[in-house]
Amino acid sequence: MSDSRAATGRPRAWLRDHSLTLAFTLLLLGALVGQALTGLAGYNEQARDAQLPTLSLLQYLTSSQFAVDVAENWQSEYLQFLLYILLTVWLVQVGSPESKKPEERGRETFEDQRIGSYATSGSPAWAKLRGWRLILFSHSLGLVMGLVFLGSWSAQFVAGRSAYNADQIQDLQAPLTWAQYLQAPDFWNRTFQNWQSEFLAVVTMVVFSIYLRERGSPESKPVGAAHDSTGVDG
Amino acid sequence: MVVRQPFTMTARRQRWPATPRTLVVLLFLAVATGGCAPMGSAEDHNASRAALAFDRSLGDPAQACRLLAPGTLTELQNTFGACDRALPRQDLPVASRVVDVDVYGKDAIVRLDRDVVFLARFDSGWRVTAAGCTPQQGRPFTCTLKGS
């Protein structure tokens, strides 16, 4: 009996232990579906007005129009996290739970980071080593965020040029070369309008969390913590 | 003989986190390659052939009219009357070869030796949206035949 109870409890425990990842994955998929359906409706509305060909859902999902709209948002999200991960090594905001304490600025010691001879039995294998593997693992989060940022920004550039040139042709204008699109307002406007909103979200989170609280959230200081207490521990 | 790892909690912990990661990679690849999907030499060829077919059929206006996009056909008929009589009066240049072609999704521009033709790809194939076009510096092409 106890075995079967444990077996039925296992999936539930797994769901609980991964609920944050699962919830945001579902939100991501739901939002992508919403974006695809509304984007397709908008595209086809304009196409019908101009008596031009409409797209099926599958055609829209593989179109440059959908790709650029997705990629321009993705690149800015990964840039936001990349900058946040890197800048918070050295930059601090007193009173913010998102920040380290001023005296902790920098890469910190082997002991603080539990690496090399200070690694514990639970430390990842490469944290116990020296040399390139320790260096690579020590920067793996920033590296992957940076690579995904560059990949999605490149995808925005490629798909953006294709979508822009389709519009150019519909407007009886010549398509742009790669070099021309690199200097085009369309590419940089799509880029900057996403970047500004990400930077606003970060600065808002850093500053608001000094004075405001959300009881129980690890993103907030404890409700009773002083405004000038810095770091996640409150 | 394939030896399967016993299904333990440890094995599960190692396997499951791969799911969202794989999903992100697949979505990223779909986005990265999506923009290129509609372009290709096959559609370059089809758009070029349609542009040439239009120019070559100008001597047979009824046939040329069938190669016009709906919006362009409507605009021509609203302005000049029945297509097969109005089209010859447009004095469109007749080209014989393709110089260059650019296809982006369902839109194409074909530069012929004596004309520039814009096209769109409908379910029935590539149709001419504008013809008799000449470039203007920093502005849209000026076209003898185009939609509204």
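What the table below lists for this structure:
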{"read-out": "Selection status of A:Leu136, assigned by TED's automatic domain parsing to the domain that holds A:Trp188 and over 30 Å from B:Lys146 (Cβ atoms)", "value": "no"}
{"read-out": "Residue count, the range B:54-81 (criterion: touching a strand residue (DSSP E or B) at 6+ places or on another chain (Cβ under 6 Å), under 19 Å from B:Arg114 (Cα atoms) and not aromatic (Phe, Trp, Tyr))", "value": "2"}
{"read-out": "Matching residues, the range B:51-76, being more than 11 Å from B:Ala131 (Cβ to Cβ) and more than 11 Å from chain A (Cβ to nearest Cβ)", "value": "B:Leu52, B:Ala53, B:Arg56, B:Ser57, B:Gly59, B:Asp60, B:Pro61, B:Ala62, B:Gln63, B:Cys65, B:Arg66"}
{"read-out": "Counted residues, the range B:121-148 - those being at pLDDT 95 or above and at positive phi", "value": "2"}
{"read-out": "Residues (surrounded by fewer than 18 Cβ atoms within 10 Å (Cβ to Cβ) and part of a helix (DSSP H, G or I)) located in the range A:155-181", "value": "A:Asp167, A:Trp178, A:Ala179, A:Gln180"}
{"read-out": "Candidate set from the range A:105-136 (those that are without any contact (Cβ under 8 Å) to a residue 12 or more places away in the chain and closer than 30 Å to A:Ile210 by Cα); member that is surrounded by the most Cβ atoms within 10 Å (Cβ to Cβ)", "value": "A:Phe110"}
{"read-out": "Count of residues meeting criterion [aliphatic (A, V, I, L, M) and not in a strand (DSSP E or B)] in the range B:88-139", "value": "3"}
{"read-out": "Residue identified as closer than 30 Å to B:Asp115 by Cα and among the small types (Gly, Ala, Ser) among A:Gly224, A:Gly231, A:Gly160, A:Gly216", "value": "A:Gly160"}
{"read-out": "Which listed residue is more than 30 Å from B:Leu119 (Cα to Cα), modelled with pLDDT of 95 or more and facing another protein chain (nearest Cβ under 10 Å), from A:Leu29, A:Leu20", "value": "A:Leu29"}
{"read-out": "Filter pass, A:Ser152 being under 25 Å from the mean Cα position of the chain (by Cα), buried (at least 19 other Cβ atoms within 10 Å of the Cβ) and away from chain B (no Cβ under 14 Å)", "value": "no"}
{"read-out": "In the range A:155-206, residue farthest from B:Pro135 (Cα to Cα) [restricted to those that are among the β-branched types (Val, Ile, Thr) and more than 12 Å from chain B (Cβ to nearest Cβ)]", "value": "A:Val206"}
{"read-out": "Extreme residue, farthest from A:Asn194 (Cα to Cα), among residues of the range A:52-95 that are touching a residue at least 24 places away in the same chain (Cβ under 8 Å) and not in a helix (DSSP H, G or I)", "value": "A:Leu52"}
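The values are calculated or read from the model by the stated rules, or taken from the named source; none is laboratory data. In this text, all values refer to a predicted model and were calculated from it rather than measured experimentally. When we count neighbours, we look across all protein chains shown, and the Cβ atoms used for this are built from the backbone with ideal geometry, even at glycine.
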